[in-house]
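Trainee: Got a structure for you, written out below as structure tokens; questions coming shortly.
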Amino acid sequence: MSTDFSPYLASSLHIDSDHPAVRARAAALAAGAVGDTAIAARCFAFVRDEVAHSWDYQRNPVTCRASDVLQHGTGYCYAKSHLLAALLRANGIPAGLCYQRLAVGEAGPPFCLHGLNAVYLQDYGWYRLDARGNKPGVDAAFVPPREQLAFPVLAPEERDLPEIWAEPLPQVVASLTGHATVQEVAAHLPDIELLPQHL
């Protein structure tokens, strides 16, 4: 069965993989790497380790578009996933967005979405990876085919959402573009409503 990867390779408003700065960084990260897995590993490590998570570092401005995340060197998990998707797409590697629904505290409520990525690798197929940034208690890594994400799904109302989105969810974009500071975003984190049959 053939798969149409074009949506996962396209440049768009928020995943602007055709932006000159994004293309330049993608090329620099790919230089000397052999194969899509090696290139993806470099892009992942760059976004995880070199781009500050907005809340961890309390760093403004709030970013959403991939090129803005790259320019300012900071972003929430969602914004970091936009940059990682853009870097991968700029290198011709299909990449999409994934989400988990997680408790904001230990168990919730409240709950919020957490943004991560899926990349299509020739040797492994679709593989989820989480470049939100490590800290004590968080150890996300790129070790295909094994997933090593930042957060496990534990509480009854938490979810691993199975979709691989080509574009960010509207409520994610609204959260990042509708609030001026990192603190305001934290007070208005995006969420989804679980349908009764999913409870």
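Trainee: Within the chain, what whole-number % of the accessible surface is contributed by carbon and sulfur, with the 1.4 Å probe and all protein chains included in the calculation?
Mentor: Values: 5140 of 9340 Å².
The computed percentage sits at 55.
Trainee: With a sphere of radius 15 Å drawn around the Cβ of LEU83, what net charge do the other residues whose Cβ falls strictly inside it have (Lys, Arg +1; Asp, Glu -1)?
Mentor: Values: positive: ARG23, ARG25, ARG42, ARG48, ARG59, ARG65, LYS80, ARG89, ARG132; negative: ASP16, ASP18, ASP49, GLU50, ASP68, ASP130, GLU167.
Local charge sum for LEU83: +2.
Trainee: Sort the following peptides by mean Cβ neighbour count (other Cβ atoms within 10 Å, averaged over residues), highest first: 58-70, 3-15.
Mentor: Details: 58-70: 21.4, 3-15: 16.2.
Per-residue mean Cβ counts within 10 Å order the peptides as 58-70, 3-15.
Trainee: Hey, what did the chain get for relative contact order, percent, Cα under 8 Å, at least 6 apart? Before the final figure, lay out each step's value.
Mentor: Numbers: 391 pairs, mean separation 43.7, N = 199.
Over the chain, the number comes to 22 percent.
Trainee: Quick one: net charge of ALA166's neighbours, Cβ under 14 Å, K/R +1, D/E -1?
Mentor: Details: positive: ARG89; negative: ASP4, ASP16, GLU163, GLU167.
Local charge sum for ALA166: -3.
Trainee: Which order do the peptides 47-56, 159-168 come out in when sorted by mean C-beta neighbours inside 10 angstrom, highest first? Write down the numbers at each step before the final one.
Mentor: Numbers: 47-56: 19.6, 159-168: 16.4.
In descending order of packing, they fall as 47-56, 159-168.
Trainee: Grab the beta carbon distance between ALA21 and GLU193, set R0 = 41 Å, and tell me the FRET efficiency rounded to 0.05.
Mentor: Working: r = 37 Å, r/R0 = 0.90.
Efficiency for this residue pair is about 0.65.
Trainee: Something else: State the Cα centre-to-centre distance between region 99-140 and region 153-189 in whole Å.
Mentor: 11
Trainee: While we're on this one: Quote to one decimal, in nm, the extra length available between ALA180 and GLU50 on full extension: 0.36 nm per residue of separation minus the C-alpha distance between them.
Mentor: Values: separation 130, 0.36 × 130 = 46.80 nm, distance 2.29 nm.
Taking 0.36 nm per residue and subtracting the Cα distance, the gain is 44.5 nm.
The values are calculated or read from the model by the stated rules, or taken from the named source; none is laboratory data. The structure presented is a predicted model; accordingly, all values stated were derived computationally and were not measured. Note that each Cβ is placed from the backbone with ideal geometry, even for glycine, and that neighbours are counted across all protein chains shown. All accessible areas refer to the heavy atoms of the entire protein, side chains included, with ligands and DNA or RNA removed. Shrake-Rupley method; radii C 1.70, N 1.55, O 1.52, S 1.80 Å.
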